[in-house]
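Once you've had a glance at the structure underneath, I'll fire off some questions.
Throughout, read-outs are computed from the coordinates displayed, never taken from laboratory work. Worth saying up front: this structure is predicted, and the values here are computed from it rather than measured. With ideal geometry, Cβ positions are generated from the backbone for all residues, glycine too; neighbour counts draw on all protein chains shown.
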């Protein structure tokens, strides 16, 4: 059977036209999309609620605000122009390895990008989410594979995005939405697709990664998969503010019904922490929340059963369940039992559950940390007086994650210049990249060096007079920022 | 049978120790290696000549000079510090998507890197070549899989590198040389290896890529594979300086006996160019050169036979052969025959041969260019008066390559800040990266964001006072370069 392929006919023409656009033109497109989505909030948020069961406010309204903010922030990235990495090496007959020709380097769009939307953020990691925003900012057409958990919302969002792009003068074929597993796989195999991005589970992401790298022409696959997000609480933090830590933990692990890739799945507490009652009260007070869909609910139920059956794992809070709605469950074990516990204690549970691991001392704590798979985040709750203690944990925590947090909780991922949402596998399939924050644009750009060209044939970012007033590196020296108000056309 | 694995026991400890080093310390290590190799030139160059049959001067002496220059240039990269990408976002309660925590991002070493050495550059793309230099600069241990074509040189170079690193105070286990196909494969599968780099053939590189991405934990595989390096000569250039173009072409296609990944494999000439005699004379005058080894010679012989048998391909110069030494061969065909010619006319021939393709007009030229696989370079020889003609070729040429050249030849790859040696598959397996030039370091770094940490626990690049005087982006604005003479410790 031949798979249906929904990649639009004009995607290659769109890629060529988008590659010829200026960064400021693309900033205009993104801004138009953001405005159109904001204007449609009263229509989109109820639709999202209906399909995902996520609460309207502040959850979905906040997520839509985050999504349109993100589109506008990539507009700032485009006006700044530093993302182009413009680099000029003038000809140098005295270059020590031999005469150097005039050589100038700039980044160009990679080509059409296939984006697989996530289930758990129907706006921010879906049709007009971070992968779409960063790919469009880079100048790449986007083919968006909708998530089946919110198909109506996806179709409607896609219509709004497409209309806004057209009205803003973007090339035809720059954005399209496709539906269906077979269609997604066919698109992933399409030779016109230059890269793919994905947010979802480890098994799903790995299956798609395997397809992407097995193509006759393999392509980059930016998958953001799983993470257990360990949180270490030091003895000092327990003593100084154990109750506050317990309350923060309860809130973080149950946010979004535990369906966040940054949910704290493991909490490391010193043995004899004395917080069991406090934790029981804090977590036990949280009401049932409905999970996104049937498939996620049954997967979560199975993971809970596996965890329960591990020798040495005890139930601290037995969250009740009604239909697809779950109250949070909390488990506890020791470092020793954890090390013997196999994959059930180490894997992500996508839903409201978390595991406390008690450690007898720092050596055992480090041993357990060093046995974990890498993930998106690692957190320390400590006291400033414990700097030496914390410093000795940092090499292990750095190995484990792309984002480290101090006295905070990993849920809630800001979108900014310094954000890093990624990490070694299985956190992602591309450890050098991020899927959130302005650096996400780097995934969809490739470098071109121009050797010996006359100025008139060079692209504007590389012309001698620097007509776009870009920050550039010239003959090895980075030039001062030419000022925020004289940026890319 | 269990494969022998030669990854050193202490490679993880070395990775941790190297991650704790300062950029300036690493610059010192690289400088010590460069000095030691320069001091051993009288020993190494004859050894290289003996094993590769490449001419001593200027070929091998120049390649060693390039290699040590490259090590020192990465020292400059380290002292500059821009490669760290240090980014500071201060806490901002008014951040439009919701209060922003203090967030700071910096790049850290990826971990131990396995480097597969190439056959054709026994210094510059081998034991102490660009992959090794950039990985060590990033702070990653290197396990170097020697190329069997120059094992004695590899062993001796490895001894010199290891001794120089030890004398400079680098961590034990930072660098090691392994030999053997099975050992290389076992190392590629070793869970302690975080990334691999390779320069060589498409089949060899693809086989290793497939292993790297099939691991339980897949890793980045930076393969630099094949390239045909098309060169377009415009009607104006033929008229103005056809003989000079023919002479330059003959020199470039036969440089290093045609065993360069940037050899011009295709020359596009306008129909009726009238240069056949000039080309015949220029290419026919070049003496036989010995190929690197038996395997390359037999592969080249086979490719020549395939090309000869393509309908419509004519022999313009029939290079003679004696043992493993070949004089260059030159073939010619038309755009029409080329489009029907299948893979034999499109694939790289690793040795002294090239194919001329005559085109009736620009539309046919673009049709052929758009039918080519991507590669490392694409070149135009034209006249400044033909700017419009050339501009209409640029989208096709940009799609095809990572480096574009004007009135120059693709062989000879300078090492500098703006260099780009890469391109879409099959040029490389990682189109967003380069294996030559200072940006090569980016392949071996991954980002870490630090959220909410007190200054005393932050790494130096992110501390508020910027003690290393790094160029940084702060709250979205890139800070002026603090000056070349106050760089990383």
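When the helices in the protein assembly as shown are scored as -39500 (n - 2.57) per DSSP H run of 4 or longer and the sum is shared across all residues, what 222 nm value do you end up with, to the nearest 500 deg cm²/dmol? List each step's numbers first, then the result.
Details: 30 runs with 366 residues, N = 978.
Mean residue ellipticity, 222 nm, calculated: -11500 deg cm²/dmol.
How far apart, in nanometres, would the label points at residue B:99 and residue B:302 be if each is projected 7 angstrom from Cα along the Cα-to-Cβ direction?
Going from the residue B:99 label point to the residue B:302 one covers 6.8 nm.
Mind listing P(r) for segment A:138-214? All alpha-carbon pairs, 5 Å bins, whole percents.
Using 5 Å bins, I get a P(r) of 3, 14, 23, 24, 19, 11, 5, 1 for segment A:138-214.
Set the Förster radius R0 to 30 Å, insert the Cβ-Cβ distance between residue A:92 and residue B:392 as r into 1/(1 + (r/R0)^6), and round the FRET efficiency to 0.05.
Details: r = 32 Å, r/R0 = 1.05.
Efficiency at R0 = 30 Å is approximately 0.45.
So what is the relative contact order of segment A:230-406, in percent, for Cα pairs below 8 Å that sit 6 or more residues apart? If you can, show how the numbers build up before the last one.
Working: 310 pairs, mean separation 48.1, N = 177.
It rounds to 27 percent for segment A:230-406.
Measuring from a point 7 Å out along Cα→Cβ, what nm distances, shortest first, does residue B:284 have to its partners in the other copies?
Here the equivalent label points are 9.8 nm apart from this one.
While we're looking at this one, here's another question. Across peptide B:450-460, how many C-beta atoms of other chains are within 10 Å of each residue C-beta, on average? The partial results should precede the final answer.
Values: counts 8, 16, 7, 8, 6, 0, 4, 10, 2, 2, 0.
If you average over the peptide's residues, the count of other-chain Cβ atoms is 6.
Continuing with this model, one more query. Please report the antiparallel percentage of DSSP beta bridges with both residues in the protein assembly as shown, rounded to the nearest 5. Present the calculation step by step, with values, prior to reporting the outcome.
Values: 42 of 126 bridges.
In the protein assembly as shown, approximately 35 percent of DSSP beta bridges are antiparallel ones.
What average number of partner chain Cβ atoms lie no more than 10 Å from the Cβ of the residues making up B:428-440? Display every interim value, and only then the final one.
Working: counts 1, 5, 5, 11, 13, 4, 4, 0, 1, 6, 5, 5, 0.
Per residue, the average neighbour count from other chains is 5.
How crowded by other chains is A:94-104, given as the mean number of beta carbons from other chains within 10 Å of each beta carbon?
6
Taking N as the number of residues in segment A:356-489, what value does Rg over Cα atoms divided by 2.2 N^0.38 Å take?
Numbers: Rg = 21.5 Å, N = 134, 2.2 N^0.38 = 14.1 Å.
Segment A:356-489 yields a ratio of 1.52.
Can you tell me the length gained on complete extension of the stretch residue B:217 to residue B:185, counting 0.36 nm per residue apart and subtracting the Cα distance? Intermediate values should be presented prior to the final figure.
Details: separation 32, 0.36 × 32 = 11.52 nm, distance 1.51 nm.
Extending this stretch completely gives an extra 10.0 nm.
A follow-up question, please. I want to verify the translational diffusion coefficient of segment A:257-318 in µm²/s; compute it with Stokes-Einstein, Rh as the Kirkwood radius over Cα pairs, at 20 °C and 1.002 mPa s. Before the final figure, lay out the partial values.
Details: Rh = 13.8 Å.
Using the Kirkwood radius from Cα pairs, D works out to 156 µm²/s.
Here's a follow-up. Size of segment A:1-152 along its principal axes in angstrom, Cα-based, largest extent first?
68, 45, 25
How many times 2.2 N^0.38 Å is the alpha carbon radius of gyration of segment B:263-365?
Numbers: Rg = 13.7 Å, N = 103, 2.2 N^0.38 = 12.8 Å.
Ratio of Cα Rg to 2.2 N^0.38 Å: 1.07.
Further, regarding this structure: According to a simple spin-label model (label point 7 Å from Cα along Cα-to-Cβ), what is the distance in nm between residue A:455 and residue A:363?
Here the modelled spin labels are 6.9 nm apart.
Counting DSSP beta bridges with both partners in segment A:230-406, what percentage is antiparallel, nearest 5?
Values: 7 of 28 bridges.
In segment A:230-406, approximately 25 percent of DSSP beta bridges are antiparallel ones.
Separate question: Mind ordering B:205-212, B:83-90 by average Cβ neighbours within 10 Å, highest first? Please report the intermediate quantities before stating the final value.
Numbers: B:205-212: 19.1, B:83-90: 22.8.
Per-residue mean Cβ counts within 10 Å order the peptides as B:83-90, B:205-212.
How much of the pair distance distribution for segment B:206-251 lies past 14 Å, counting alpha-carbon pairs only, in percent?
Numbers: 686 of 1035 pairs.
Percent of Cα pairs beyond 14 Å in segment B:206-251: 66.
Taking all pairs of different Cα atoms in segment B:230-406, averaging 1/r and flipping that mean, what Kirkwood radius in angstroms comes out? All intermediate terms of the calculation are to be shown ahead of the outcome.
Values: mean 1/r = 0.0617 Å⁻¹.
Mean inverse Cα-Cα distance, inverted, gives 16.2 Å.
To one decimal in nm, how far is residue A:53 from the same spot in the other copies, if labels go 7 Å from Cα toward Cβ? Please give the shortest first.
7.2
Now for a different question. Between residue B:290 and residue B:346, what length in nm is gained on full extension when 0.36 nm per residue of separation is reduced by their alpha carbon distance? Please report the intermediate quantities before stating the final value.
On the way: separation 56, 0.36 × 56 = 20.16 nm, distance 2.44 nm.
Between residue B:290 and residue B:346, full extension yields 17.7 nm more.
Sticking with this structure for a sec: What order, most packed first, do the peptides B:334-346, B:450-462 have when packing is the mean number of other Cβ atoms within 10 Å of each residue? The partial results should precede the final answer.
Details: B:334-346: 16.8, B:450-462: 18.8.
My ranking of the peptides, most packed first, is B:450-462, B:334-346.
Further question: Would you mind estimating how fast the protein assembly as shown diffuses translationally, via Stokes-Einstein at 37 °C and 0.692 mPa s with the Kirkwood radius over Cα pairs, in µm²/s?
Numbers: Rh = 29.3 Å.
For the chosen part, D equals 112 µm²/s.
Along Cα-to-Cβ, 7 Å out, sits the label point; list in nm, shortest first, how far the one on residue A:204 is from those in the other copies.
4.1
Which value, to two decimals, describes the C-alpha radius of gyration of chain B once divided by 2.2 N^0.38 Å? Spell out each step's value before the answer.
Working: Rg = 24.3 Å, N = 489, 2.2 N^0.38 = 23.1 Å.
The value comes to 1.05.
Take peptides A:73-79, B:215-221 and line them up by average Cβ neighbours within 10 Å, highest first, as a rough protection proxy. Walk me through the intermediate numbers first.
Numbers: A:73-79: 22.7, B:215-221: 19.1.
Descending mean neighbour count gives A:73-79, B:215-221.
Next question, about the same structure. Restricting things to alpha carbons, tell me how big segment A:91-235 is in terms of Rg and Dmax, in Å.
Values for segment A:91-235 (Cα only, Rg and Dmax): 19.4, 63 Å.
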